[in-house]
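Q: Have a look at the structure that comes next, please.
Laboratory data are not the source of any read-out in this text; all were calculated from the coordinates shown. Predicted model only: the values in this text are computed from it and were never measured. Cβ sites come from the backbone with ideal geometry, for glycine too, and all protein chains shown count toward neighbours.
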Amino acid sequence: MKAIENFLPQRAPFLFVDEILHADNTKIIGQKYYGSDFKFYDILNNKKIIPSTILIESLMQCGGAGCKILQLTTDKRLAAAAIDAVKIHQIVSIPNTIKMTINNLRIRDKTIYQEGYAWLNDELILSAKWHCIAIKNL
């Protein structure tokens, strides 16, 4: 598969998905390694952790990259319109690799509704649903 940068406008240090492992019209699977050099960490009990907001952004970037790979939004960029139903199941320390599973719930010409799950060693750490709107590239 092509480099993730071919499918997303984000660049380091704001790129929060490393690769898409699988993409079809219903499901997208990706992963991200958060190393000890990760800049946007929080501290909890003297340990570096991945902020929940970053995990949500990771899920949305994974979903967006999958949509671009599937050519669901060929000439358009996706922008987050709404985030809902966020559930934080556990905190994740750094360094760790997060696996992401995204389900395409509804795909329209101008909107995409997705839900995503972030996993650490097959344990659910965070889930969310969001709407994206397709906008023309500038």
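Listed here are the residues, each with its yes/no results for (1) farther than 17 Å from Ala80 by Cα; (2) buried (at least 18 other Cβ atoms within 10 Å of the Cβ).
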position: Leu8; (1), (2): no, yes
position: Ile20; (1), (2): yes, yes
position: Asp24; (1), (2): yes, no
position: Tyr33; (1), (2): yes, no
position: Asn46; (1), (2): yes, no
position: Ser58; (1), (2): no, yes
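Q: So, in region 72-99, how many residues would count as being in contact (Cβ under 8 Å) with a residue 60 or more places away in the chain, of a type in the set (D, E, K, R) and farther than 19 Å from Ile20 by Cβ?
A: Filtering region 72-99 down to residues in contact (Cβ under 8 Å) with a residue 60 or more places away in the chain leaves 73, 75-77, 94-99.
If we keep only those that are of a type in the set (D, E, K, R) too, we end up with 75-77, 99.
Next, only the ones that are farther than 19 Å from Ile20 by Cβ stay: 75.
Number satisfying all stated conditions: 1.
Q: Assess whether Ile102 counts as being more than 20 Å from Gln71 (Cβ to Cβ), buried (at least 17 other Cβ atoms within 10 Å of the Cβ) and in contact (Cβ under 8 Å) with a residue 60 or more places away in the chain. Steps first, please.
A: Working: more than 20 Å from Gln71 (Cβ to Cβ): no; buried (at least 17 other Cβ atoms within 10 Å of the Cβ): yes; in contact (Cβ under 8 Å) with a residue 60 or more places away in the chain: yes.
In short, no.
Q: Counting just the residues of region 105-138 that are of a type in the set (A, V, I, L, M) and either under 12 Å from the mean Cα position of the chain (by Cα) or not in a strand (DSSP E or B) (or both), which one comes out surrounded by the fewest Cβ atoms within 10 Å (Cβ to Cβ)? First the steps, then the outcome.
A: The first filter runs over region 105-138 and keeps only residues of a type in the set (A, V, I, L, M), leaving 105, 107, 112, 118, 120, 124-126, 128, 133-135, 138.
The next check asks that each one be either under 12 Å from the mean Cα position of the chain (by Cα) or not in a strand (DSSP E or B) (or both); those that pass are 118, 126, 128, 138.
Details: Ala118: 27, Leu126: 24, Ala128: 20, Leu138: 4.
Filtering region 105-138 for residues that are of a type in the set (A, V, I, L, M) and either under 12 Å from the mean Cα position of the chain (by Cα) or not in a strand (DSSP E or B) (or both), the one surrounded by the fewest Cβ atoms within 10 Å (Cβ to Cβ) comes out as Leu138.
Q: Any residue in region 34-52 that is closer than 20 Å to Ile112 by Cβ, touching a helix residue (DSSP H, G or I) at 6+ places or on another chain (Cβ under 8 Å) and of a type outside the set (Val, Ile, Thr)? So that I can check it myself, show each step before the final result.
A: Step one: filter region 34-52 for residues closer than 20 Å to Ile112 by Cβ, giving none.
No - not one qualifying residue is present in region 34-52.
Q: Exactly one condition in (1) over 17 Å from the mean Cα position of the chain (by Cα); (2) surrounded by 15 or more Cβ atoms within 10 Å (Cβ to Cβ) is not met by Pro95; state its number.
A: Every condition holds for Pro95 apart from (2).
Q: A follow-up question, please. Would you confirm whether any residue within region 84-93 is assigned to a strand (DSSP E or B) and among the basic types (Lys, Arg)?
A: Step one: list which residues in region 84-93 are assigned to a strand (DSSP E or B), which gives 84-88, 93.
The next check asks that each one be among the basic types (Lys, Arg); those that pass are 87.
Looking for residues that are assigned to a strand (DSSP E or B) and among the basic types (Lys, Arg), one finds at least one in region 84-93, hence yes.
Q: Out of all the residues in region 9-66, which are within 20 Å of Gln90 (Cβ to Cβ), outside any loop (DSSP other than H, G, I, E, B) and without any contact (Cβ under 8 Å) to a residue 40 or more places away in the chain?
A: Asp42, Ile43, Thr53, Ile54
Q: So, one more: Any idea which of Asp24, Asp18, Asp37 is out of contact with any Leu (no Cβ under 7 Å at 6 or more places or on another chain), more than 23 Å from Asp122 (Cβ to Cβ) and among the acidic types (Asp, Glu)? Before the answer, list the steps.
A: Details: Asp24 fails: more than 23 Å from Asp122 (Cβ to Cβ); Asp18 fails: more than 23 Å from Asp122 (Cβ to Cβ).
Selected residue: Asp37, the only one of Asp24, Asp18, Asp37 that is out of contact with any Leu (no Cβ under 7 Å at 6 or more places or on another chain), more than 23 Å from Asp122 (Cβ to Cβ) and among the acidic types (Asp, Glu).
Q: Right, here's the next one. Just checking, does region 82-101 include any residue being under 14 Å from Lys27 (Cβ atoms) and touching a Lys or Arg at 6+ places or on another chain (Cβ under 8 Å)? Working first, answer last.
A: Going through region 82-101, the residues under 14 Å from Lys27 (Cβ atoms) turn out to be 99-101.
Those left that are additionally touching a Lys or Arg at 6+ places or on another chain (Cβ under 8 Å): 100-101.
Looking through region 82-101, at least one residue is under 14 Å from Lys27 (Cβ atoms) and touching a Lys or Arg at 6+ places or on another chain (Cβ under 8 Å).
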